[in-house]
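The values are calculated or read from the model by the stated rules, or taken from the named source; none is laboratory data. Just so it is clear, the model here is predicted, and its values are computed rather than measured. Neighbour counts are summed over all protein chains in view; Cβ atoms, including those assigned to glycine, are modelled from backbone coordinates with ideal geometry.
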């Protein structure tokens with residue numbers, strides 16, 4: 001059975017229709033890359049899957065693990081194993097990273113019928129995962145994302161993913177703003193989580209990330225629709241000819257190719 | 001009789017029913033009652049009370065209790081008593097002084113370092129009683145101490161408190177006021193602080209209870225004094241919490257920091273009025289005032305007003321006020337990690353109050369407030 005099935009999904013924000021009929025099937029173990037120019041709807045798709053109320057689904061269906069995903073609250077989606085790595089992780093002053101993550105992990109574990117972690121178990125787990133992400137442990141005691149550099153924020157997202165062990169991870173432009181070293185670390189963290197039970201949707205504007213996180217499938221999004229799907233070679237094709245090569249127009253194309 | 005004289009009349013009966021006191025004290029009471037009778041209860045036409053209507057207090061015939069749960073009668077006159085909290089402007093200070101009987105006197109001798117916090121607890125006596133708790137704190141030069149004043153009780157009652165604090169040169173005093181009055185209680189309080197040269201004083205006013213609350217926190221600084229006035233108020237239902245502060249930079253080289261934070265829900269009302277006075281010769285004053293409010297409902301109201309009176313020319317004074325709602329993006333971020341909507345709201349509300357709590361240097365108090373706040377937020381987020 002597929003893990004995620006998106007059928008003819010339409011979504012709008014305010015009065016602007018952004019997703020205009022997306023269909024996509026994802027099986028456990030698969031990594032799907034979603035590429036496309038700015039404004040094509042990539043991030044909207046990621047946010048809709050996570051349950052952001054800002055976006056209103058006007059038509060279509062999303063079935064996750066046999067359940068109607070669109071009926072579920074954001075927290076229930078997370079508890080059922082969906083994880084969104086945010087393009088712009090939110091700064092939350094006053095809530096410590098450690099406190100927040102422990103609360104999140106234990107809520108999810110409880111939901112899965114697992115025993116909640118005590119402070120010691122949690123700390124051991126967290127230390128191990130921080131090492132994986134080459135993160136400074138002092139970040140744990142700081143407020144969530146507050147005063148983090150761009151790279152630290154992105155690492156923190158993947159670190160959270162490593163701790164929460166989702167079944168479906170949606171990475172929204174996790175590569176944006178990362179230098180090549182940080183990109184390698186982040187990709188390393190992602191690759192360490194690949195497995196037969198886990199699926200990933202990697203949303204990116206650039207092909208470069210896909211050199212490090214090699215996808216099984218690549219989909220190109222334009223104006224709210226998937227205009228082309230293929231294997232990993234499609235990403236390389238895009239790298240050579242740009243979105244214009246596919247007949248996709250984008251005002252920001254010039255910027256994107258820099 | 002007019003409504004006003006009727007109200008005063010009830011108090012007059014209570015006033016004259018008090019047992020006679022020593023001459024010095026009786027004189028003080030008489031003068032104060034006379035002043036109270038002249039001033040009457042303030043109305044919203046009075047600028048100082050524009051947003052706080054005390055009519056619900058004025059129209060009740062309270063029975064005045066001569067005794068408080070803390071404090072004892074004074075055997076002899078105390079030179080600082082009633083010398084700082086002035087009866088001329090504030091009718092509630094006059095009323096408190098008119099009923100002056102027990103005084104909680106804290107004396108910290110010069111040079112003393114008191115490690116343990118000095119705790120003063122006022123437990124209201126009960127239904128339809130008025131009490132006038134009076135506290136006098138005198139800290140000698142170069143001393144250190146921490147003081148925690150707590151107000152609590154059950155049922156409908158009226159607490160009318162006055163605290164005078166005199167801090168000697170070079171002393172460090174940490175003051176905490178914890179207002180945990182019952183939901184039906186009225187609480188009016190004035191803290192008047194006189195600070196010596198190079199003294200370092202900080203006060204944290206935590207207002208969580210009460211139906212109608214007015215806190216006046218006033219400090220007069222001397223040369224090189226550092227004063228911090230912080231506050232946290234949490235109002236829900238139809239609670240009304242008013243915080244008025246005056247920081248008076250009377251001498252040069254003074255520093256003051258002020259941070260008041262409020263969390264409002266339901267149909268609650270809050271007022272923040274922060275006056276900063278920089279006198280003509282108070283050059284090199286450095287003063288910062290901030291008032292931040294988190295408004296969780298559509299019906300809650302906050303009136304916030306800075307009042308800067310700057311008569312010196314070489315000073316730095318900044319002020320700012322914000323009124324905001326819960327950050328929807330932050331809430332979604334927490335939810336996207338599996339944290340329930342209500343827990344996310346609690347967490348963010350708590351986070352808003354965090355920096356005030358972090359400044360509390362009495363660990364046991366900090367811990368108990370953290371617990372109380374979490375329970376309160378939970379009540380709010382029904």
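Working only within the stretch B:116-131, note down all residues that are in a loop (DSSP other than H, G, I, E, B) and at pLDDT 95 or above.
Residues satisfying the conditions are B:116, B:117.
Hey, could you check the stretch A:40-53 for residues that are within 11 Å of another protein chain (Cβ to nearest Cβ) and in contact (Cβ under 8 Å) with a residue 60 or more places away in the chain and say which is surrounded by the fewest Cβ atoms within 10 Å (Cβ to Cβ)?
In this case the residue turns out to be A:46.
With the condition being in contact with a helix residue (DSSP H, G or I) (Cβ under 6 Å, 6 or more places away or on another chain), I'd like the helices (runs of 4 or more DSSP H) fully within the stretch A:143-223 carrying at least 3 qualifying residues.
In the stretch A:143-223, A:150-164, A:180-192 are the helices (runs of 4 or more DSSP H) which contain 3 or more residues that are in contact with a helix residue (DSSP H, G or I) (Cβ under 6 Å, 6 or more places away or on another chain).
Would you check which residues across the stretch A:54-86 are modelled with pLDDT of 95 or more, in a loop (DSSP other than H, G, I, E, B) and either under 19 Å from the mean Cα position of the chain (by Cα) or within 11 Å of another protein chain (Cβ to nearest Cβ) (or both) and list them?
A:65, A:72, A:73, A:80, A:81, A:86, listed by residue number.
Considering every residue within the stretch B:306-321, establish whether at least one is under 19 Å from residue B:235 (Cα atoms), loosely packed, with under 14 Cβ neighbours inside 10 Å and more than 14 Å from every other protein chain (Cβ to nearest Cβ).
Pass one, the stretch B:306-321, residues under 19 Å from residue B:235 (Cα atoms): B:321.
From what is left, the residues that are loosely packed, with under 14 Cβ neighbours inside 10 Å are none.
No - not one qualifying residue is present in the stretch B:306-321.
Residues that are modelled with pLDDT of 95 or more and touching a helix residue (DSSP H, G or I) at 6+ places or on another chain (Cβ under 7 Å): find the strands (runs of 3 or more DSSP E) completely inside the stretch B:198-262 holding 3 or more of those. Quick ask: steps written out before the conclusion?
On the way: elements: B:200-207, B:212-221, B:226-235, B:240-249.
Answer list for the stretch B:198-262: B:226-235.
Name the residues in the stretch B:322-342 that are touching a helix residue (DSSP H, G or I) at 6+ places or on another chain (Cβ under 8 Å), at the interface with chain A (Cβ under 8 Å from one of its Cβ atoms) and either crowded, with 20+ Cβ neighbours inside 10 Å or assigned to a loop (DSSP other than H, G, I, E, B) (or both), would you?
Passing the criteria: B:327, B:330, B:332, B:334, B:335, B:336, B:337, B:338, B:339, B:340.
Out of the residues in the stretch A:87-115 that are touching a strand residue (DSSP E or B) at 6+ places or on another chain (Cβ under 8 Å) and over 14 Å from residue A:160 (Cβ atoms), which is farthest from the other protein chains (Cβ to nearest Cβ)?
A:87
Among residues belonging to the stretch B:295-305 that are in a loop (DSSP other than H, G, I, E, B) and touching a strand residue (DSSP E or B) at 6+ places or on another chain (Cβ under 8 Å), point out the one that is surrounded by the most Cβ atoms within 10 Å (Cβ to Cβ).
Taking the stretch B:295-305 and keeping what is in a loop (DSSP other than H, G, I, E, B), we get B:296-300.
Then keep just the ones that are touching a strand residue (DSSP E or B) at 6+ places or on another chain (Cβ under 8 Å); that gives B:296-297, B:300.
On the way: B:296: 20, B:297: 14, B:300: 22.
The extreme case among them is B:300.
Look at residue A:198 and say whether it is in contact (Cβ under 8 Å) with a residue 12 or more places away in the chain and within 14 Å of chain B (Cβ to nearest Cβ).
no
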